[in-house]
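Read the structure below first, then the notes.
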Amino acid sequence: MAARNVGAPLPVVTAPVTITAYDPAWPEWFAREEKRIRGALGARALAVEHVGSTSVPGLAAKNRIDIDLIVADPADEQAYVPPLEAAGYVLRTREPHWYEHRCLWTPDHGVNLHVFGPDCDEYVRHLIFRDWLRTHPDDRNRYAADKYRIVAQEPTISEYVAEKSAFILDVLRRAGLR
C-alpha cells in the first residue's frame with residue numbers, strides 16, 4: 001500500500017464506513033467536477049465518466065464521487081497531472097502494475113479521480129456494472145442491502161471493499177463477462 005502512495009502518507013482511517021441514502025445532488029456534483037476536469041485537460045480527456053455507487057440513481061453510497069478519466073497514456077503524468085493539480089486535484093496513488101492506474105483526490109477527498117488508458121478493462125467493467133445497476137432495480141436494491149449489512153459489521157475500508165466483491169463479480173458475470 002505504501003509503495004503506491006504519492007506525496008504525504010495516506011491518512012489512517014479509523015472512522016467507520018458510512019453509507020447514506022441516494023442524494024439527488026450527486027449527479028450535479030459530478031457535472032461540476034467533469035466541467036473542471038475537461039476545462040483543465042481539453043481534448044486530453046478522452047472520456048470522463050461518473051462511476052461507482054453515486055452514479056446509480058436510487059443507490060445508497062459513501063458520500064464520495066468516483067470518476068474514471070481516460071487519457072491516452074496514464075504513465076505520461078506530465079500530460080495531465082500538472083493541469084489537474086492546477087484545477088485543485090492532488091495525485092495520491094500511482095499503480096503502474098495495475099493498468100497504469102493513477103488516482104487523484106480533491107483536498108477534502110470528496111472525489112476519487114481514477115485515471116486509466118483507453119484499452120483498460122477495469123474502466124469497461126466500471127461502466128458495465130454501473131449501467132447494469134441503473135437498469136436492474138432489484139440488483140441495485142440487493143447491492144444497497146448488502147452494503148448496509150457489511151457496514152453494520154464495522155469493517156475497515158479495505159474489508160468493506162473486499163466484502164462487496166462477490167456481489168460485483170456476480171453482476172459482471174450475469175452481464176456477460178467471464
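Counting beta carbons within 10 Å around each of Lys147, Lys35 and listing the fewest first gives the order Lys35, Lys147.
Within the range 98-114, what residues put their amide N at less than 16 Å from the label point 7 Å along the Cα-to-Cβ vector of Ala75? Output list for this probe position: 98-102. Going by neighbour counts of Cβ atoms within 10 Å, the residues Arg32, Arg134, Arg102, Arg140 line up, fewest first, as Arg32, Arg134, Arg140, Arg102. Helix 26-41 axis versus longest C-alpha principal axis of the chain: approximately 20°, rounded to the nearest ten. Modelled spin labels at Leu172 and Lys35, positioned 7 Å past Cα toward Cβ, are 3.4 nm from each other. As a test of the formula, what do you get for the chain when each DSSP H run with n ≥ 4 contributes -39,500 (n - 2.57) and the sum is divided by the residue count, at 222 nm and rounded to the nearest 500 deg cm²/dmol? Value at 222 nm, helices only, nearest 500: -13000 deg cm²/dmol.
Just for the chain, what percent of DSSP beta bridges are antiparallel, to the closest 5?
For the chain, the DSSP antiparallel bridge percentage is about 75.
Comparing Ile37, Ile157, Ile67 in a Gaussian network model of the chain where C-alpha atoms under 10 Å apart are linked, the largest mean-square fluctuation is found at Ile157. In this simple spin-label model, placing a label point 7 Å from the Cα along the Cα-to-Cβ direction at both Thr20 and Thr135 gives a separation of 3.0 nm.
Any read-out appearing in this document is the output of simple, stated calculations on the displayed coordinates, not a laboratory observation. Keep in mind the model is a prediction, meaning the values are calculated, not measured. Cβ: placed from backbone, ideal geometry, glycine included. Neighbour counts: every protein chain shown.
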